[in-house]
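Participant: Mind looking over this structure? Questions follow.
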Amino acid sequence: MNQDLSQELAARPLSTMKHLLIYIQETAIDSEQTPIAPDEVAIVANLTIQRLVLQYPFLDQTIQEILDDLRFSKC
C-alpha cells in the first residue's frame, strides 16, 4: 500500500465509509430498476461490508499485511 495513501486514510478514517455510502446512495437499484430508499442506504452498506469484508476468507492475512505496510514500509 502506498504510504502517502495510508497516511491520508489514517488522517481521514471516515472518508472511505462516506465514499461507500455516497456510492450506494447514488447507484444502488434493485432488479426492477427501483433506486435505493434513503432509509436503506445504511443497511445495504452494513450488509455489503459483512459480505465482502467480514466473510472474506483471508481477512486476518490482509489486515496483517496492511499493518505491516503501515509500520515497516519505507515507500
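Rule-based calculations on the coordinates, nothing more; no lab input. This is a predicted model, so every value here is computed, not measured. Cβ placement follows ideal geometry from the backbone for every residue including glycine, while neighbour counts extend to all protein chains displayed.
Participant: So for the pair residue 69, residue 30, with labels modelled 7 Å out along Cα→Cβ, what separation do we get in nm?
Facilitator: Rounded to a tenth, the inter-label distance reads 3.7 nm.
Participant: Residue 21 versus residue 47, label points 7 Å from Cα toward the beta carbon: distance in nm?
Facilitator: With each label placed 7 Å out from Cα toward Cβ, I get 1.9 nm.
Participant: Same structure again: Residue by residue through segment 39-56, what is 3J(HN,Hα) from phi via Karplus (6.51 cos²θ - 1.76 cosθ + 1.60, θ = phi - 60°)? Round to whole Hz and write x for glycine and proline.
Facilitator: Whole-Hz 3J(HN,Hα) from phi for segment 39-56: 6, 9, 4, 5, 5, 5, 4, 4, 5, 5, 4, 4, 6, 8, 10, 5, 9, 5.
Participant: Tell me which residues come under 5 Å, amide H to amide H, from residue 28 once H is placed; ignore anything under 5 positions away on its chain.
Facilitator: Here 36 satisfy the definition.
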